[in-house]
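The values are calculated or read from the model by the stated rules, or taken from the named source; none is laboratory data. What you see is a predicted model, and the numbers here were worked out from it, not measured in a lab. When we count neighbours, we look across all protein chains shown, and the Cβ atoms used for this are built from the backbone with ideal geometry, even at glycine. To get the accessible areas, we keep the full protein, side chains included, count just its heavy atoms, and leave off ligands, DNA and RNA. Shrake-Rupley method; radii C 1.70, N 1.55, O 1.52, S 1.80 Å.
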Amino acid sequence: MDTTRQYKELDECYYMPAFSRDMAIVRGEGTKVWDAEGNEYIDCVAGIAVCSTGHCHPAVVQAICDQAHRLIHCSNLYYVPHQGDMAKRLVEITGMHKAFFSNSGAEATDGALKLARVRTGKKKFVAFTHGFHGRTVGSLAVTHKPSIREPFEPLGLIRTFVEYGDVDALKKVVDQDTAGVIVEPIQGEAGVIIPPDSFLEGIREACDTTGALMIVDEVQTGMGRTGKWLAMQHTKVTPDIVTLAKGIASGFPMGALLAREGIEFRKGEHGSTFAGGPLACSAALATIGVIEKILPEVSLKGERFRQGLKKYHPRIRGLMIGITVGDTCPDIQKSCREEGVLVNCAADGNLRLVPPLTISDSEIDRVVRVIDGALGQILL
Ligand code: PLP
């Protein structure tokens, strides 16, 4: 087994240095991971909200292995094993009408933007400050963060950014030429920013008035992360298009978009070689099977975190947790890691915890003790 130093040497020699990293995770089981030196951690990063059922859940491993023995790939030129079942399950849990698959969140965003354009016949989009929707050319165009977007402008999409949460400003820019408004129901990369329901209701109203489509990016918030299948299900608002990825298949690459009745791709309008393949769909079906059993507990687990961390005023919905800690975030992250807990710094000094939905009460208590220790030392 390679050491972290060996990983680092290869990475520095042969891999483009787009990431900042200094740790190799080589094994995972449930909520725990181990680094190359055998150190154990409770993983509250979970591949950034991806390993929803924990690492290597036996049902997911079994589903992938069984399918791998039968058929790994066949192409969307043919009906694909498990694809229809998976689309049906997503339609059932989201209340949308039909699904289309992708390989990532960014591709799901691209698909949603294309769908909005082709069905409305309009070209303009509205997105929000601090929003994140991916790094492909299309999804980057609606991602706000100037440092990652501006070096690649122009990105070829007509788009206006509006302050997240500001319905009045939104209503001034959404007009008859707007194809869609894209929004995260809780901003994840921004640091778990939870808007009031009135914001999402205001977007719905602006879209209804003008004929623009409301595209809700549930890539990070979806698949049970907030205690419901979709974060939107905490509100009374129904979107026109929803995107999913991250937790959908427990770490097997997959994304999806779903849309309400009347909005769908027609023949030849969209496609992908790998998307919705047999392995991804088997992993995703097994993932849904696990999540549906634990979904009622997710909010309770979030409340346990809230109780434990309340003096730090955490923002919590289900197992999506953000705490504003400021510039000391990297120090807190390091201190937690030294105590065997992985957490991550999202934008603007916000500590983010998105552990597997399977995290146990005793693991939550341990994480709370470690975070309290780190924050107490550094912040108070
Ligand atoms: N949308 C949201 C809300 C996200 O948080 C992310 C990734 O962090 C994406 C889209 C892009 O997903 P991916 O990295 O799978 O392309």
If you filter the range 134-208 for GluC sites (Glu not before Pro), then keep DSSP loop positions with at most 13 other Cβ within 10 Å, what is left? Glu163
Stokes-Einstein D in µm²/s, Kirkwood radius over Cα pairs - the chain at 37 °C with 0.692 mPa s viscosity: 154 µm²/s
So how do 103-114, 124-135, 241-252, 167-178 stack up, highest first, on mean other-Cβ count within 10 Å? 241-252, 103-114, 124-135, 167-178
What's the magnitude of the charge dipole for the chain around its Cα centre, counting Lys and Arg as +1 and Asp and Glu as -1 at the beta-carbon? Answer in Debye, nearest 20. 780 debye
Evaluate the Kirkwood expression for the hydrodynamic radius of the range 56-150, namely the inverse of the mean inverse distance over all pairs of different C-alpha atoms, and round to one decimal in Å. 16.2 Å
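Accessible area per residue, 1.4 Å probe, Å², for the range 58-288: what's the number? Please list the in-between numbers first.
Working: 9670 Å² over 231 residues.
Here the residues of the range 58-288 average 42 Å² of exposed surface.
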Signed unit charges on C-beta, dipole axis of the chain, positive-most listed residue Gln333, Gln187, Ala112: Ala112
Which value in deg cm²/dmol, rounded to the nearest 500, describes the helix-derived mean residue ellipticity at 222 nm for the chain, given -39,500 (n - 2.57) per DSSP H run of n ≥ 4 and division by the residue count? -12000 deg cm²/dmol
Computed magnitude of the charge dipole of the range 105-157 (debye, nearest 20; Cβ of K, R +1, Cβ of D, E -1): 280 debye
Just flag the chymotrypsin sites (Phe, Trp or Tyr not before Pro) in the range 1-39 sitting in loop per DSSP whose Cβ has no more than 13 other Cβ atoms within 10 Å. Tyr15, Phe19
With contacts defined as alpha carbon pairs under 8 Å and 6 or more residues apart, what's the relative contact order of the range 58-288 in percent? 30 percent
Report, for the range 226-356, the % of DSSP beta bridges that are antiparallel, rounded to 5. 95 percent
Qualifying lysines (Cα of each under 29 Å from Cα of Lys88; at least 8 residues distant if same chain): Lys98, Lys114, Lys228, Lys236, Lys246, Lys267, Lys293, Lys301
In the chain, if the dipole is taken from +1 on Lys/Arg beta carbons and -1 on Asp/Glu beta carbons about the Cα centre, which of Gly134, Thr4, Ala284 is farthest to the positive end? Ala284
Theoretical gain in end-to-end length, Glu150 to Gln377 [0.36 nm per residue, Cα-Cα removed]: 78.0 nm
Let's see if you can work this out: charge +1 on each Lys and Arg Cβ, -1 on each Asp and Glu Cβ, no other charges. What is the dipole magnitude of the range 148-295 about its Cα centre, in debye to the nearest 20? 560 debye
Using only the heavy atoms of the protein chains and a 1.4 Å probe, how would Met16, Met86 rank by accessible area, largest first? Met16, Met86
Exposure ranking of Arg21, Arg149 by accessible area [1.4 Å probe, largest first]: Arg21, Arg149
Calc'd 3J(HN,Hα), the range 142-158, phi into Karplus 6.51 cos²θ - 1.76 cosθ + 1.60 (θ = phi - 60°), Hz, glycine/Pro = x, comes to 9, 8, 7, 2, x, 5, 9, 8, 4, x, 10, 5, x, 9, x, 10, 7
Can you give the extra length, in nm with one decimal, that the chain gains between Asp66 and Thr273 once fully stretched, where that is 0.36 nm per residue apart less the Cα-Cα distance? 72.3 nm
Tell me which of Gly156, Ile316, Tyr78 sits at the most positive position along the dipole axis of the chain, charges placed on C-beta atoms (Lys, Arg +1; Asp, Glu -1). Tyr78
Where the accessible area of the range 58-288 is counted over protein heavy atoms with a 1.4 Å probe, how much of it, in %, is carbon and sulfur? 55 percent
